[in-house]
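Enquirer: So that we are looking at the same thing, I have put the structure below in structure tokens.
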2 protein chains.
Amino acid sequence: MGSWTRPTCKCCISKAVQPLVALELIEDINMETKRWLMTRIQAEKIVGGAELMVHPGEDDDGNMLLVSASQHVLLRAAEVVGLYKLYKDGSMIAFSYRDSRNFQNSDNINEFLTLAERQFIILRTLENIKVVDEKYIPGYPTETLYPGEAIFNRLQKSKILHTFYPLHDEQILCKLGARWHSYTNLSLQPIDSIYSYFGGSVAMYFSFLEFFTCSLMPIAAFGAAVVLLSMDTIDKCILFSVFNMIWSTVVMELWKRHSSVLSYTWGTMQMNSQFEEPRVDYKGSMGINPITHRYQPYYPAWRRKLKIWCVSVPVLCLFLSFSLFGMYVFFRMEALVKAYYSENDGCWACVLYLPSILHTLYVTGMNSLYKMVAEVLTEWENHRLESSYQNHLTIKVLVFRFVNCFAALFYISIYLQDLELLRKKLASLLVLTQIINQLIETSVPYLYKTIMRKGAGLKKMTMENTPDIDKIKLQGEMSSFPGMFDEYMELFVQFGYVSLFSCIYPLTALLVMVNNITEIRMDAMKLCHLFRKPFISPAANIGVWQTAFEIIGFLSVISNCFLISISPQVEGYCAENNITPKNVLIWTVGIEHALLAIKIILAFAIPDVPQWVKLRIERVEYQSLQALKHKLAEADKDDSREMAAKETLSDGTTGFNSAESSLYTSNKQLNLL
Amino acid sequence: MGSWTRPTCKCCISKAVQPLVALELIEDINMETKRWLMTRIQAEKIVGGAELMVHPGEDDDGNMLLVSASQHVLLRAAEVVGLYKLYKDGSMIAFSYRDSRNFQNSDNINEFLTLAERQFIILRTLENIKVVDEKYIPGYPTETLYPGEAIFNRLQKSKILHTFYPLHDEQILCKLGARWHSYTNLSLQPIDSIYSYFGGSVAMYFSFLEFFTCSLMPIAAFGAAVVLLSMDTIDKCILFSVFNMIWSTVVMELWKRHSSVLSYTWGTMQMNSQFEEPRVDYKGSMGINPITHRYQPYYPAWRRKLKIWCVSVPVLCLFLSFSLFGMYVFFRMEALVKAYYSENDGCWACVLYLPSILHTLYVTGMNSLYKMVAEVLTEWENHRLESSYQNHLTIKVLVFRFVNCFAALFYISIYLQDLELLRKKLASLLVLTQIINQLIETSVPYLYKTIMRKGAGLKKMTMENTPDIDKIKLQGEMSSFPGMFDEYMELFVQFGYVSLFSCIYPLTALLVMVNNITEIRMDAMKLCHLFRKPFISPAANIGVWQTAFEIIGFLSVISNCFLISISPQVEGYCAENNITPKNVLIWTVGIEHALLAIKIILAFAIPDVPQWVKLRIERVEYQSLQALKHKLAEADKDDSREMAAKETLSDGTTGFNSAESSLYTSNKQLNLL
């Protein structure tokens, strides 16, 4: 068997069959195992195979496998996965293999299924290869298998399958990069290309980042104006924060609409995850899925709920109390240190920074520890779908991080009521993130270069005559994509700063916006060049983050109202017109509730899905309803004819007698003649 | 043509064809018109008829028409209306005429379609009779018609059709009454029988009334305990209102679940109203419905929205300001009168009641005036569906009534902060409603008797030899059913009293509960014997009332917290531990927000639809999805075969060359052999 370097083969690789996914086995892989794995991958469905194309990487170590799939397998799998595609009548409907020719450009597979979709499909297909009759992994008699076990999961656990990842397509990647993360272009991102190359959730994130950044413009301008024109009067301050609150509501509502349009056009909106295959780590007694009638593991929902409410939630609360206690200690220490420093000025000033440093270490430690715990817990909750697993994990970590980020600020604003300190803290935080981001941002290309050099090197990478297999190995050497969580978290914190406290420090929005403009390019850069290409499942929205941002929106009303009520301007105003603090508070609460009401009404008034999308979806629903009737009727057409015949006989008895019958149109006769 | 009294005919009327709907034309109806109408009703669909059975009432004035329908027409119409029925596999699916034999007991029409459903179907069918080529109403050359106009709507407008109503079935009604509104039985109501006799929204109302009454028990017991054991301490008071708040949330959530089960078993849950025919008064340019592809009038949604937000809402606000102003005047007057009375004790004490009397008159006037305005506005908003028309009308009136009922109480509690007065007012309101209800309740049977006597009389009614036609005329003479609004409103106000203020007057729940127990029977009595049988459309839930009750739930948190904070117990407690009023308020607000958060979390934690219902619905969704694919594929089965064939040819090129091809399972060949 020749190696990739053979020109004939090279051409057919690059032109004819493009390798989509690479499997990296352990260095000293047993040939028997390798061959077994290959046969299983390419065997027919009937004998428990995946019907995929597989090719031995032919690299020096011989521990690589390249997987691809024929058009038909991809299309059939696309139906199983439940992709929605553009039908000839212009509506998005669930793809059907038998009917594929009526879907728009279904003849050209590379256009019809995006690269991300093809790789996702292969992932799903590989994950679903089950043990048939093997007692143990061939070549590893110690590694026993049980029937129905997912082979890939097993191979990873027993470290025989080192890793597997989808492959980059350099030409597309270069084109994409040029339009995406080059500083020369200032236009919007090519979201659709991002979707087709990386997949749903990545595209969603970048589209949201862009949307958020753009939406910051008005409020940034307003904030800048407030500062520049030093409109520090009470009415301006109130005006600003009211504007702020309305803004945060409208932005989230408009985003919902925008994202629904995106996910509809991508066909990810209606993909009912209930019809999906369960995730690989999902445990449960095997049984028939009541919905799809497929043979799948099943785990009762109530037990999951029980676990969540009786274990996960208490654990979360425990950790929260830890971090709150840590914060308390920090504030006490700081006070003590200050006192100590002021008393004996002999000691070094650096002592002053001790508490913050310790606290930072503590928080970081807690964060990483808690994240591990959260992952264990969520795994243990045993969620059926990848999406719900991700959501539950996100919520757990999110809440914890939120408290860690904002508790101090709330403490300062609500308990200490020290707005000056709050403003300082906020400014420092923002500027700090700014600087850090800029630093990372500049360092990214540098890192990129070094990594490349560490591998085959940047030059070789671009050279035509580099063996493809080496390029593929290079990709394998990159660190795997850590997921979107931290990026979203950063956005979330920023959104928090902007909407919770910006009435204290109106420049927040401006700083965040500037930060994001660089952020977009940085994240794009990282995704394209620093990490291995990730498997991305089609996403219909930004999941729990939507909710998280909306909650921030509601909290913002509360905090803004409170901050204004304790702002010096208001206090001064009250002192002038001698209003008692109690009345001020009553007014504050009143206004707050009114604003909350307005928020809710706004949220209801703005429909989440545009009319045209709604119409199309309903049309498809209606069609499916009709189709179901049609199908069921088809099942026993002739039977119903019999029934009709029987009816006509029984009719005589039910009809009126001669006297009246003249008055009745016995329509049965009519439609049976 | 013989009359109904003829025994032969009588039997065939009572046994064979049961008249379902009666049309009452004007007294001196032109025979030509009557005959034309009859022909149109019984003509075939092709010539624009309704294919129903019609029978001339043969009464003295000859202005009655009795309408019925054959099994087949009913079944076919049931599909058009979009009823969901129990399929042989135990799931509820949209009824399909062609497949009807596979629906459970579809052979016995009277079991398969409930009386209410049959009558509803006939109503829909009649309403959809359109003008074909008539230039004017036969016999009334002045009454011109335009093509496509709905005949029944037209006849009503031009007073030729006096009224039309569904007919009671005495035997069933007697059975139902015995199990429903007789005081001898204390068991729960026969909700399913109510559904099948009266239809969705009526059954929903009574089921909700029952649910609400039962759910009051714990809180009534708690309240009674608080009063009897005079646990008037602060902690009890707080405990009680916290319990109260949790209760109101849980009750509404459980009701959602309960009602979803009901509507699922009735098959009204999934009836997508979007697929319904538009309501008769719906105006719009004729066009193809984008969803169902039926030829229907269409009116852009944005114009409706515009009308709502730019006209209806401002009008509502205007009226609200009126009634608030009225309340203000009332309080001023009362103060003045009190002062006047105390000054010169010569005048009569009755003067004291003058303000309340005037205010009551004012409010009642405003209520009725506003209701008319609301009806006009909602009609003008031109809603496509009856349900959405009803909802918008309800919201409008609801908000207004709510303000009228509770503004005074809020004024007393929040502005005057006079809890004693509040308690008095509350008690009086409750006792008053009690007494009034009891009075009406006792008078109902009396009224019933008199009305019966006024008609053919109670005795004759029950006698076998009364001509059926007279009984039918009797029903026509009854006043038409006013709808559920006032009943719901009463419940709504009660719920308001219980959850908003019961921490002030803990007996509220008990009183309300006692009241409702009689209320159920009273409403049942009215519905069965005092009113003409109404046409009831199938309802999936209690519509906007659900939301209304939930809003009350949220308001209750606010009001309870506030009331507690100003309660003498708390004030005493604070005085002891010298807490400033400001801090008290801060605590109150804090607790309030916490409770609101808990409420929201609870609402999320309790799923609105039970798991088993969710599963079944999803299964049907999945089936229809598959069916749609199947159908579309059927459309060009052979075409796709061609494509497959083509693929095999092109395959040669895409395959790897000899060296590797051995490694590929070119599965296309496999599945084409």
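Enquirer: Given the criteria among the charged types (D, E, K, R) and either more than 30 Å from residue B:200 (Cβ to Cβ) or assigned to a helix (DSSP H, G or I) (or both), does residue B:401 qualify?
Expert: So residue B:401 passes the test.
Enquirer: Looking at this structure, is residue A:481 outside the structural domain of residue A:26 (by TED's automatic domain parsing), assigned to a loop (DSSP other than H, G, I, E, B), under 24 Å from residue A:210 (Cβ atoms) and modelled with pLDDT of 80 or more?
Expert: Taking the combined requirement at face value, the residue satisfies it.
Enquirer: Name the single residue that is farthest from the chain's Cα centre (by Cα) among those in the stretch B:412-460 being modelled with pLDDT of 80 or more and polar (S, T, N, Q).
Expert: B:417
Enquirer: Mind counting the residues in the stretch B:84-114 that are within 8 Å of chain A (Cβ to nearest Cβ) and among the polar types (S, T, N, Q)?
Expert: 3
Enquirer: Conditions: (1) under 30 Å from residue A:192 (Cβ atoms); (2) of a type in the set (S, T, N, Q); (3) surrounded by fewer than 18 Cβ atoms within 10 Å (Cβ to Cβ); (4) away from chain B (no Cβ under 14 Å). Residue A:516 meets all but one. Number of the miss?
Expert: Here residue A:516 meets the rest and fails (3).
Enquirer: Follow-up. Does any residue in the stretch A:195-209 that is within 18 Å of residue A:173 (Cβ to Cβ) and free of Cβ contacts under 8 Å to residues at least 24 places away in the same chain come within less than 8 Å, Cβ to Cβ, of a residue that is hydroxyl-bearing (Ser, Thr, Tyr) and surrounded by 23 or more Cβ atoms within 10 Å (Cβ to Cβ) six or more places away or on a different chain, and which pairs are these?
Expert: Partner pairs satisfying both residue conditions: none exist.
Enquirer: Within the stretch B:239-262, identify whether any single residue is within 16 Å of the chain's Cα centre (by Cα) and of a type in the set (Ser, Thr, Tyr), and answer yes or no.
Expert: There is at least one residue in the stretch B:239-262 that is within 16 Å of the chain's Cα centre (by Cα) and of a type in the set (Ser, Thr, Tyr).
Enquirer: Give the residues of the stretch B:75-89 that are open to solvent by 50 Å² or more (accessible area, probe 1.4 Å) and of a type in the set (Lys, Arg), sorted by residue number.
Expert: B:76, B:88
Enquirer: Of all residues in the stretch A:95-134, how many are closer than 22 Å to residue B:291 by Cβ and either open to solvent by 10 Å² or more (accessible area, probe 1.4 Å) or among the hydroxyl-bearing types (Ser, Thr, Tyr) (or both)?
Expert: The number of residues fulfilling the criteria is 3.
Enquirer: Inspect the stretch A:499-516 for any residue being touching a Lys or Arg at 6+ places or on another chain (Cβ under 6 Å), assigned to a loop (DSSP other than H, G, I, E, B) and within 19 Å of residue A:223 (Cβ to Cβ) and give the result as yes or no.
Expert: yes
Enquirer: Conditions: (1) of a type in the set (S, T, N, Q); (2) open to solvent by 60 Å² or more (accessible area, probe 1.4 Å); (3) in contact (Cβ under 8 Å) with a residue 60 or more places away in the chain. Residue A:156 meets all but one. Number of the miss?
Expert: (3)
Enquirer: Given the options B:219, B:238, B:246, name the one that is out of contact with any Asp or Glu (no Cβ under 9 Å at 6 or more places or on another chain), open to solvent by less than 10 Å² (accessible area, probe 1.4 Å) and farther than 14 Å from residue B:524 by Cβ.
Expert: Just a single option satisfies the conditions, and that option is B:219.
Enquirer: Any chance the stretch B:166-173 includes a residue that's surrounded by 21 or more Cβ atoms within 10 Å (Cβ to Cβ) and under 23 Å from the mean Cα position of the chain (by Cα)?
Expert: Checked against the condition, which is being surrounded by 21 or more Cβ atoms within 10 Å (Cβ to Cβ) and under 23 Å from the mean Cα position of the chain (by Cα), the stretch B:166-173 yields at least one hit.
Enquirer: Could you tell me whether residue B:531 is open to solvent by 40 Å² or more (accessible area, probe 1.4 Å) and hydrophobic (A, V, I, L, M, F, W, C)?
Expert: The answer is no for residue B:531.
Enquirer: May I ask you to verify whether residue B:385 is open to solvent by less than 40 Å² (accessible area, probe 1.4 Å), under 29 Å from residue A:621 (Cα atoms), touching a residue at least 60 places away in the same chain (Cβ under 8 Å) and aliphatic (A, V, I, L, M)?
Expert: Here the answer is yes, as residue B:385 does meet what is asked.
Enquirer: A further question follows. For the stretch B:395-429, give me each residue that is crowded, with 17+ Cβ neighbours inside 10 Å, farther than 14 Å from residue B:493 by Cα and either in contact with a helix residue (DSSP H, G or I) (Cβ under 6 Å, 6 or more places away or on another chain) or polar (S, T, N, Q) (or both).
Expert: B:395, B:396, B:412, B:413, B:422
Enquirer: Considering each of B:241, B:187 in turn, give the residue that is touching a residue at least 12 places away in the same chain (Cβ under 8 Å) and of a type outside the set (Val, Ile, Thr).
Expert: None of the others qualify; the one that does is B:241.
Enquirer: Here's another thing I want to ask about it. Restricting attention to the stretch A:321-370, report how many residues are of a type in the set (A, V, I, L, M) and modelled with pLDDT under 80.
Expert: Count: 3.
Enquirer: Just checking, which of B:29, B:13 is buried (at least 19 other Cβ atoms within 10 Å of the Cβ) and either within 12 Å of chain A (Cβ to nearest Cβ) or modelled with pLDDT of 85 or more (or both)?
Expert: Of the residues listed, the single one that is buried (at least 19 other Cβ atoms within 10 Å of the Cβ) and either within 12 Å of chain A (Cβ to nearest Cβ) or modelled with pLDDT of 85 or more (or both) is B:13.
Enquirer: From the list A:151, A:194, which one is more than 23 Å from the chain's Cα centre (by Cα) and open to solvent by less than 20 Å² (accessible area, probe 1.4 Å)?
Expert: A:151
Condition check ((1) within 30 Å of residue B:395 (Cα to Cα); (2) within 33 Å of the chain's Cα centre (by Cα); (3) within 12 Å of chain A (Cβ to nearest Cβ)) across all residues:
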| position | (1), (2), (3) |
| --- | --- |
| B:528 | yes, yes, no |
| B:558 | yes, yes, yes |
| B:583 | no, no, yes |
| B:595 | yes, yes, no |
| B:624 | no, yes, yes |
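The values are calculated or read from the model by the stated rules, or taken from the named source; none is laboratory data. Just so we're clear, the structure is a prediction, and the values are computed from it rather than from any experiment. Here the Cβ is made from the backbone with ideal geometry for all residues, glycine too, and neighbour counts use every protein chain on show. Each accessible area value is taken on the protein alone, full model and side chains, heavy atoms only, with ligands, DNA and RNA left out. Shrake-Rupley method; radii C 1.70, N 1.55, O 1.52, S 1.80 Å.
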